[in-house]
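I have placed the structure first, in the form of structure tokens, so that the comments after it can refer back to it.
The values are calculated or read from the model by the stated rules, or taken from the named source; none is laboratory data. All values derive from a computational prediction rather than experimental measurement. Backbone-built Cβ (ideal geometry, glycine too); neighbour counts: all protein chains shown.
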Amino acid sequence: MPGVETPLEKWTGKVHEVTLGGNGRKSITVGGESTLPFLSFEAPIPHPPVVAIEVLDMEPQDWSPHLVSVWGDALKDPAVWAKKAVECGADLIVLRLRSAHPEAGDTGVDHAKKAVEAVLAAVDLPLIVLGPEVEEKDNEVLVGVSDVARGQKIALGNCSEKNHRTIAAVCLSDGHVAIGKSPIEINLAKQLNILLSDVGLAPESILMDPTTGALGYGLEYSYSVMERLRIAALMGDKMTAMPMLCTVGEESWRQKESRATEGLPPLWGDHQERAILWEEITAVSLLNSGADIVVLRHPRVVERIKATIASLVG
Amino acid sequence: MALSGIEIYKFLPKTNCKKCGFPTCLAFAMKVAQKTVDIITCPDLSDESRQALESAGRPPIKLVSIGADGKKLEIGNEVVMFRHEKTFYHPPGIMRRIKDSSPAETVAQQVAEVTEFKVDRVGIELSLNGFAIENDSGDGAAFAKCVEAVMAKTDLPLVLMSSKPEAMAAALEKSAASRPLIYAATGDNWEPMAELASKHGCPLAVAEPKGLSELAALVEEVNKKGVEDIVLDPGARDLGSSLNTLTQLRRLAIKKNFQPLGYPIITFPGTNAASVDEEAVLASQQVAKYAGIIVLDNFSPALAYPLLTLRLNIYTDPQKPIQVQPGVYPIGAPKESSPLCVTTNFSLTYFSVAGELEGSGHAAWLLVCDTEGLSVLTAWAAGKFDAEKIAKNFKEFDVASKINHQRVIIPGRVAVLKGEIEEELAGWDVMVGPPDAMDIGGYLKNNWSN
Amino acid sequence: MSNFQVTFEPSGKSASVPGGTLILDAAARAGVLIDTPCGGQGRCGRCLVRVKDGEASHRDNPHLTPRQVEEGWVLSCTARVAGDLRLDVPRKRERERVVAETAASRTAQSIEGDWPRSPIIRRVFLKLTPPTLDDNANDLERLKAALAAEHQIDRLAVDLPVMRRLARDLREADWQVTLTLDMGEEEARLIDIHPGRKRGALLGAAVDIGTTNVVIQLVDLGSGKVLGQAAARNRQVSRGEDVISRIVYSERGNHLEELRKLVVETINELLSELGRKVDTDMAQVQEMVVAGNTTMTHLFLGLSPRHLRAEPYVPTAAFFPRYRAGELGVAINPLAPVYCLPAVAAYVGGDITAGVLASCLFKSDKLTLFLDVGTNGEIVLGSSDWMTTCACSAGPAFEGAGVRGGMRAMEGAIEEVKVNSKTLETTLSVIGGVPAQGICGSGMISALAEMFITGVVDRSGRIDMEFVKGRMKKRSRARRGDHGGEYVLAWARDTGLGEDIVLTEVDINNLVRTKAAIYAGEAVMARSLGISLSDVQEVLIGGAFGQHLNVEEAIQIGLLPDLPWERFKFLGNTSVRGAYNVLLSRFARAQVEEIASSLTYMELIADNTFMDELTGALFLPHTDIRNFPSVKALLEENQGERASP
């Protein structure tokens, strides 16, 4: 009988480890993998990917009724919402400062600080804070947030190629982790990591968001870009080896398959089931292509994805 | 191992005779390397060269087809580990499991649900590929009857599932002409199963959960019986074992060129699943990670639609320029009075324009024209982004209904189009934006007022 | 460690310093000022001194040729004291001479094609027997018979204009004539008749029709000597700067004819300029060979280029029949043949087949990369075994367009910029030594390379305001302008313009896009053949741009692959050179046709690989710096410098 030798790759690199929280708060470490996602036959998986739940600093205006009904009144208060997210099994919280957007309230740095302080006080999970993704406002509110969260080692985003110096600088001085977000493209992701490193951030202080394409809306681009980033990292490229964060919930629930509730063909199937599967399948696909943090919205998806990760890690 | 264009070129006559239809031998060699043309198209190839090239070009995973002509499902013949390296060629067949122990009405309904399920997505019809009929009753006659009943309703490819050679023989009597996949040869029954496969010329699944060495040994035995069209079932039934085992099989075939395991793989994501969600998650993993046939225990449109969409995504050719769906995109929360900008549907162009708009805090409408994924200047140079095409996109996406003004901002690099667009779109004021996306914020600040 | 005495001549100043001291520091100690435009980083090669006596340790340096090293030249910023030393500090003129010598050794190289001289135009003298009543064969028969008897030319075609003058010309010349024959086809064609034995050169013209410039060489077909050369801007430029704009322009009304006339006028003006220069009637020019890109050739012949720009990018013809000068409106002998060099594809034209011919790439046994960087960038990769080619739309940035202070390489153009690593102040070289008017392509590459290496711009090409302001306390050269950040290369008072000459972030973006398009073309072509760019054994650079290009800086910004410098050769205008070769030799003509049919054309936008490579190249020097080991090393060295100013 021919013995089949287990086909192992000789990878030389590994994903950088990034730790959030600590100092009294729960801490979470992601990264550290020295093989492709979940290939436990090849190398141990030091830190399984984690699940974050997205919390907004204002009541969301355009969310699907399926999300609104499951979260209920928690949506009105980020601290309550975050607590409920803990009950749902979140490993960490992503707080999106939506209200700072000029067209969504244009709140300022004080509002942002209060929201962050409230969430930090309400839960003991590590925190990621994302700005409204308008440069001036991002720089304004995130600098304030960085200050109030000093010592808590949160992650701040998003840094872009054009607008990264301010956020990177406060992460550097306050000991936080910076998130770099680049359009779905391997070179752009790497370029931003280089720029952040050149500003002085250590690899263990950088997360990357290579931009999530939802199922049916560019998922294959994200899938391959992330797979390539991970392979490059394993082949020794330190500038592609930052752990990856994917905003799965936001992207999935934005699409008409999830958002629209009427006027859809009956063959699309039950609306709620489909919407949930849309988020689940996006999540599992991106976990298999290298995501270290998936940011989700629906509690049932959180439960399923946590079980999936547990099963994959074995 | 695939040969590069230069390596293939070395075997060619180097006469640039053009008889193959390509301008030079090297151009031909590069097309052969891309597998878009067959090496035998060269009329002056020596026999040795042909043999050398054909053996080098043998697919590491065998192409297996299931089903009758005209309704064939082709699986296998993949050449890479990762889709970005080339592309994944043959999408896995997704099938629904039917049990011969179910009442006839249930079977009929289950078949009908699948055959009636057709969803259009971006012009492509999504549907399932066939049925796996399981001999749950253990009875040969019941099995054959059920197979017949299904065949009366559909001509989609079938997998016949039974561990009993007699039951399989009975079912094959009724169905061999439509070339079902026989599932499965095991350590206990492989001899009669292989005989059945040989006799009827049907593909045969080989199931061996003990390990890959044992699986390879069994494949070799079956092979010796003359069965060439083989599908593997390594028995991995949950997320972790499926990912690890199927990855190993793919690596052995592609990277080690290990022929005993160079066949497509069949999976059963529902076997150990406690819920539909769990089955869906495993099935979706298997779409990307190396299944050739996926047999679903549960079927519903709400599951099938996302799963088939995923298959469509993963099996899209990644070498095509990355495109954004043409259309009118709201950036921020635009109002009727917000500015309207025009750009092309090359993804990075879109991202940089949309990103700059978003980053500047201006809400706007962005008309993304279909330029087949080319950037602004390239598309203009190739005649894919001219006044006529832009005007066509205006009408197609009913731009006028979204806004209450008639002003449109075009990229500064195609400033020359201003006059022509104003001719095409009577009454519109065409504003020339900045040549560089990074100046958009400043431009809107200085030039846009409601 | 013991001290050594270092003496600087001619001043005679000296200092006692420990072994291992940089000569530059020793000079400072002695009170001798040595100019260091790059800030003592070994990048500019301007601080050279010559060792007359004693020991100095030095490391290999690209700014000195082996001969100069032998002569004792060292760079004072890298050489260290290793014993008592007597050094000569050269005067400015001497220093510039040495610098120029180094530059020349790295640029002035050309490859001579070794073609047996065999022009297709022949001149033969005939002494005819005048007709008599007994011998009353007609004039043409008489001519043909003599031609056959004396020159074994059996078949002769005579066009009507010549036929009409034949009787008179023969008699006025008293039956002794010199015939000019076009031997390019099966039968000889009589294109000119001169009375008596015609002396003087048989003339031909080699023409390069560039998108921006037209160059003509007047050639003595007998000796091969270039009697004169003239160049001017292609008058079509006013109708669009690049080929695409011109194609688009040609598509309306009678613009095609307008463009045709504009280029013919440009050629005719140059011809008459040459006529004056060498005091010859241009009607005596008997052949013209034209090299131009496919669009220029189409426009010159009056063929519509419309289909060149749209899929599937098909030219009217790639091999062009010969036409007569008169049909084309070119002011030479109207019957003179005009031959346009064959094209390969819509964006790889006769200028490139000319380049492959002139560079001798087609018979090289080395893996060779040929670049022609003009408004378009065309690339050829290959050797005698196989050759591939592609075109990338580089854009006109390197020709001075699309950049705010951009201009062509002419008097007043900044052609080299040095940025001092410590002070970030600039030192400029301006063509003609006059106050700067603007900056040309090589100056931009130089400026960008220096700004990048010194940390003024980051790897994405953005100016690091904080860093510059931190360094330049008094008056920062970095500031915010209308187009984002900008860097002042020359203050208004130092220019001939009365305003600051700056490089803006938008300019930098343009430059980076241009260099990225070219590098991506190189990389994709190599990759699709399964070759690494580091395997390239020789890089030949054609195009007018090439002569001024500094390889070191072009590598630093990622325009050229990071290969040892001795692998680069500059060939100057290979397009006109190729036309010249064809003018002089029918063998060269056969060869260029062979080249055109064996070059394998690759369409870059056909797949995603190009976009992938392009995005990777849109960074300084490249996203994957492992492809640029020398730049990586330099950056790491400077990083240390930056940390400790």
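Descriptive notes on the structure:
- Matching residues in the stretch B:329-356 - criterion: being closer than 30 Å to B:Arg83 by Cα and either at the interface with chain A (Cβ under 8 Å from one of its Cβ atoms) or hydrophobic (A, V, I, L, M, F, W, C) (or both): B:Phe346, B:Ser347, B:Leu348, B:Phe351, B:Ser352, B:Val353, B:Ala354, B:Gly355
- Summed over the stretch A:119-154, residues that are polar (S, T, N, Q) and part of a loop (DSSP other than H, G, I, E, B) total 1.
- Comparison of B:Leu374, B:Leu417 shows that the only residue that is buried (at least 18 other Cβ atoms within 10 Å of the Cβ) and in a helix (DSSP H, G or I) is B:Leu417.
- Close pairs from the stretch C:464-488: first surrounded by 15 or more Cβ atoms within 10 Å (Cβ to Cβ), partner part of a helix (DSSP H, G or I) and among the acidic types (Asp, Glu), Cβ under 6 Å, at least 6 apart: C:Gly484/C:Glu505; C:Gly485/C:Glu505
- Residue list for the stretch B:249-285, restricted to those being under 25 Å from A:Leu286 (Cβ atoms), touching a helix residue (DSSP H, G or I) at 6+ places or on another chain (Cβ under 8 Å) and surrounded by 24 or more Cβ atoms within 10 Å (Cβ to Cβ): B:Leu249, B:Ile265, B:Thr267, B:Pro269, B:Ala280, B:Val281, B:Leu282, B:Ala283, B:Ser284, B:Gln285
- A count restricted to the stretch A:296-312 and to residues that are more than 7 Å from chain B (Cβ to nearest Cβ) and either touching a Lys or Arg at 6+ places or on another chain (Cβ under 7 Å) or closer than 16 Å to A:Pro48 by Cβ (or both) stands at 8.
- B:Val287 being within 21 Å of B:Phe117 (Cα to Cα), within 9 Å of another protein chain (Cβ to nearest Cβ), over 14 Å from the mean Cα position of the chain (by Cα) and in contact (Cβ under 8 Å) with a residue 12 or more places away in the chain: no
- When the stretch A:34-54 is filtered for residues that are crowded, with 18+ Cβ neighbours inside 10 Å, within 14 Å of another protein chain (Cβ to nearest Cβ) and either among the small types (Gly, Ala, Ser) or within 27 Å of B:Lys255 (Cα to Cα) (or both), the ones remaining, listed by number, are A:Thr35, A:Leu36, A:Pro37, A:Phe38, A:Leu39, A:Glu42, A:Ile45.
- Boolean, A:Leu56 is hydrophobic (A, V, I, L, M, F, W, C), closer than 22 Å to A:Ala112 by Cα and within 20 Å of the chain's Cα centre (by Cα): yes
- Cross-chain or 6+ apart pairs with Cβ under 9 Å, the stretch B:115-137 first and of a type in the set (Lys, Arg), then part of a strand (DSSP E or B) and crowded, with 17+ Cβ neighbours inside 10 Å: B:Lys118/B:Leu126
- Residue ID - modelled with the lowest pLDDT, chosen from residues in the stretch C:351-388 that are of a type in the set (Val, Ile, Thr) and closer than 22 Å to C:Tyr580 by Cα: C:Val373
- Sole exception among (1) without any contact (Cβ under 8 Å) to a residue 12 or more places away in the chain; (2) away from chain C (no Cβ under 14 Å) for B:Lys18, by number: (2)
- All of (1) assigned to a loop (DSSP other than H, G, I, E, B); (2) in contact with a Pro (Cβ under 9 Å, 6 or more places away or on another chain); (3) surrounded by fewer than 16 Cβ atoms within 10 Å (Cβ to Cβ) hold for C:Leu303 with one exception: (3).
- Strands (runs of 3 or more DSSP E) fully within the stretch C:467-549 counting 1 or more residues that are within 21 Å of the chain's Cα centre (by Cα): C:538-542
- Candidates C:Gln591, C:Gln639: the one that is polar (S, T, N, Q), part of a helix (DSSP H, G or I) and modelled with pLDDT of 95 or more is C:Gln591.
- Among the numbered conditions (1) under 22 Å from C:Val576 (Cα atoms); (2) within 14 Å of another protein chain (Cβ to nearest Cβ); (3) crowded, with 20+ Cβ neighbours inside 10 Å, the only one that C:Thr368 does not meet is (2).
- Strands (runs of 3 or more DSSP E) enclosed by the stretch C:1-92 - at least 1 residues per element that are among the acidic types (Asp, Glu) and more than 33 Å from the chain's Cα centre (by Cα): C:3-9, C:48-57, C:80-88
- Test result for B:Thr349, in a helix (DSSP H, G or I) and polar (S, T, N, Q): yes
- Scanning the stretch B:231-265 for residues that are touching a residue at least 60 places away in the same chain (Cβ under 8 Å), under 21 Å from A:Leu312 (Cβ atoms) and more than 7 Å from chain A (Cβ to nearest Cβ) returns a single hit, B:Arg250.
- Qualifying residue in the stretch A:87-100 (condition: surrounded by fewer than 16 Cβ atoms within 10 Å (Cβ to Cβ), among the acidic types (Asp, Glu) and free of Cβ contacts under 8 Å to residues at least 24 places away in the same chain): yes
- Long-range neighbours under 6 Å by Cβ, at least six apart or interchain, first residue over 20 Å from B:Ser198 (Cβ atoms) and more than 14 Å from every other protein chain (Cβ to nearest Cβ) within the stretch B:208-230, second in a loop (DSSP other than H, G, I, E, B) and modelled with pLDDT of 95 or more: B:Pro209/B:Gly235
- Some residue of the stretch B:381-388 being more than 14 Å from chain A (Cβ to nearest Cβ), farther than 30 Å from A:Asn187 by Cα, in a loop (DSSP other than H, G, I, E, B) and among the aromatic types (Phe, Trp, Tyr): no
- Condition broken by B:Val295, with the remaining ones in (1) within 17 Å of A:Glu280 (Cα to Cα); (2) assigned to a strand (DSSP E or B) satisfied: (1)
- Restricting attention to the stretch A:258-278, the residues that are touching a strand residue (DSSP E or B) at 6+ places or on another chain (Cβ under 9 Å), crowded, with 24+ Cβ neighbours inside 10 Å and not small (Gly, Ala, Ser) add up to 1.
- Filter pass, C:Gly461 being on the phi < 0 side of the Ramachandran plot and within 14 Å of chain A (Cβ to nearest Cβ): no
- Single residue of the stretch B:24-52 satisfying the filter (among the hydrophobic types (A, V, I, L, M, F, W, C), out of contact with any Cys (no Cβ under 7 Å at 6 or more places or on another chain) and more than 14 Å from every other protein chain (Cβ to nearest Cβ)) that is farthest from C:Thr388 (Cα to Cα): B:Ala52
- Any pair with Cβ under 7 angstrom, 6 or more apart, that starts in the stretch B:183-202 at a residue that is closer than 15 Å to B:Leu158 by Cβ and in a loop (DSSP other than H, G, I, E, B) and ends at one that is modelled with pLDDT of 95 or more and of a type in the set (Val, Ile, Thr): B:Cys202/B:Ile182
- For first residues located in the stretch B:160-178 and under 19 Å from B:Lys72 (Cβ atoms), partners that are among the aromatic types (Phe, Trp, Tyr) and not in a helix (DSSP H, G or I) and lie 6+ apart or on another chain with Cβ distances below 9 Å form the pairs B:Leu160/B:Tyr183.
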